[in-house]
Amino acid sequence: MMEIIQLTYPTNYKRTQLEPTSLAVGFFDGVHLGHQQVIQTAIEQANKKGLAKAVMTFEPHPLEVLKDEPLHNHLLTSLEEKQSIIRQMGVDYLFVVTFDRSLSKLSPQEFVDLFFIDLNVQHVTAGFDYSFGHKGTGKIKDMDYYAKGRLDYSVVDKVSVDGEKVSSTSIRQFLHEGDQEQANQLLGRPFSLTGEVVRGFQRGREIGYPTANLAVDDSHVIPKVGIYAVTAHISGQTYKGMASIGYNPTFENEHTKPSIEVHVFDLNENLYGKTIQVDFLAYLRDEVAYQGVDQLIEQLKLDEVDAKKVLDKLN
């Protein structure tokens, strides 16, 4: 069972209060294949050295603090989603460090002393581009200088898939371009959105295609506007479906941001107030404004056929 430990600078943890760990450190947005390699390396070191397995991440995103403005359409995973994925990797401890102005001003040496040495970290693993301390001046490759023999470390080189470097930036780009297959390949799993089902205009119900309207935090990446083949995880069950990300141009032009509407196949249930996870498996088509409701219904029937074909092929 993974234990989550919240840390805020100045932390009052002392070395004797925590068991010795092998620690993977990073922001890990998306917990993509590159991040998974970092965490897996830390786990392997833990098993080799008889240490507990730990991961350290930060909240909120450093950009939000340093730019002093909320992130918009940026995060691949919320903290809760990140915790869930890391938990499934078999980690013992997740340190969630509050990233604030005071933390950002620590020197690299102070950061290592306070957040590695004082927390009884025996081995640190990070990606080749991980930096720490004031203005990111501390580099993982220089850890010998900061550690002074008090811990060991591993550096994980960049991970590539079919010649494409795995990075949160490239995954965001693929999502914005509608290249769902490539985004999911670099993530190592389907991209997902998790949110509470809220009341919409209920037009879908009127035309035979009821939808669950998902409320998602503005900081989260929203994929390209269009129609998708999806699976929805609801109350421990998985259902096939299709989703629309868009502005409902057939009916209105009033949206300031795209709505996320999910039509779940073979489920006739009121989902209002439930939190559901939607996995985006394939991009089917762009959003189109139709002449009327009948034309829209005909297209939705075609979309349903297309979505089921794609989902049957993937499962």
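The values are calculated or read from the model by the stated rules, or taken from the named source; none is laboratory data. As the structure is a prediction and not an experimental result, all values here were calculated from the model. With ideal geometry, Cβ positions are generated from the backbone for all residues, glycine too; neighbour counts draw on all protein chains shown. Accessible surface is based on the protein model in full, side chains and every heavy atom, while ligands, DNA and RNA are left aside. Shrake-Rupley method; radii C 1.70, N 1.55, O 1.52, S 1.80 Å.
May I ask you to list the residues in the range 128-183 that are among the β-branched types (Val, Ile, Thr), buried (at least 20 other Cβ atoms within 10 Å of the Cβ) and not in a loop (DSSP other than H, G, I, E, B)?
ILE140, VAL156, ILE171, listed by residue number.
Is the range 87-108 home to any residue that is under 27 Å from ILE260 (Cβ atoms), of a type outside the set (Phe, Trp, Tyr) and open to solvent by less than 30 Å² (accessible area, probe 1.4 Å)?
There is at least one residue in the range 87-108 that is under 27 Å from ILE260 (Cβ atoms), of a type outside the set (Phe, Trp, Tyr) and open to solvent by less than 30 Å² (accessible area, probe 1.4 Å).
Name the residues in the range 161-211 that are modelled with pLDDT under 95 and either of a type in the set (Ser, Thr, Tyr) or in contact with a Pro (Cβ under 7 Å, 6 or more places away or on another chain) (or both), would you?
Matches in the range 161-211: GLY204, TYR209, THR211.
Would you please name the residue that is nearest to SER84 (Cα to Cα), looking only at residues in the range 264-295 that are in a loop (DSSP other than H, G, I, E, B), open to solvent by 60 Å² or more (accessible area, probe 1.4 Å) and in contact with a strand residue (DSSP E or B) (Cβ under 6 Å, 6 or more places away or on another chain)?
Out of the qualifying residues, it is LYS274.
A quick yes/no check of all residues on (1) over 20 Å from PHE111 (Cβ atoms); (2) at pLDDT 95 or above; (3) touching a Ser or Thr at 6+ places or on another chain (Cβ under 8 Å); (4) open to solvent by less than 20 Å² (accessible area, probe 1.4 Å):
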| residue | (1), (2), (3), (4) |
| --- | --- |
| ILE4 | yes, yes, no, no |
| GLN17 | no, no, no, no |
| GLY26 | no, yes, yes, yes |
| VAL31 | yes, yes, yes, yes |
| ALA52 | yes, yes, yes, yes |
| MET56 | no, yes, no, yes |
| GLU59 | no, yes, yes, no |
| LYS67 | yes, no, no, no |
| THR77 | yes, yes, no, yes |
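How many residues, within the range 1-12, are closer than 24 Å to GLY90 by Cα and either in contact with a Leu (Cβ under 6 Å, 6 or more places away or on another chain) or of a type in the set (A, V, I, L, M) (or both)?
Going through the range 1-12 one residue at a time, the tally reaches 5.
When the range 296-315 is examined, which residues are found to be open to solvent by 90 Å² or more (accessible area, probe 1.4 Å) and either part of a helix (DSSP H, G or I) or hydrophobic (A, V, I, L, M, F, W, C) (or both)? Before you say what the answer is, go through the steps one by one.
Here is the first cut: in the range 296-315, the residues open to solvent by 90 Å² or more (accessible area, probe 1.4 Å) are 298, 301-302, 309, 312-315.
Once the filter is applied, which keeps residues that are open to solvent by 90 Å² or more (accessible area, probe 1.4 Å) and either part of a helix (DSSP H, G or I) or hydrophobic (A, V, I, L, M, F, W, C) (or both), the range 296-315 yields GLU298, LYS301, LEU302, LYS309, ASP312, LYS313, LEU314.
Within the set of pairs 6+ apart or on separate chains, which have a first residue in the range 146-166 that is within 15 Å of ALA126 (Cβ to Cβ) and in contact (Cβ under 8 Å) with a residue 12 or more places away in the chain, a second that is polar (S, T, N, Q) and not in a strand (DSSP E or B), and C-beta atoms under 6 Å apart?
Close Cβ pairs (under 6 Å, with a partner that is polar (S, T, N, Q) and not in a strand (DSSP E or B)) amount to TYR146/GLN109; SER154/THR41; VAL156/GLN37; VAL156/THR41; VAL159/GLN37.
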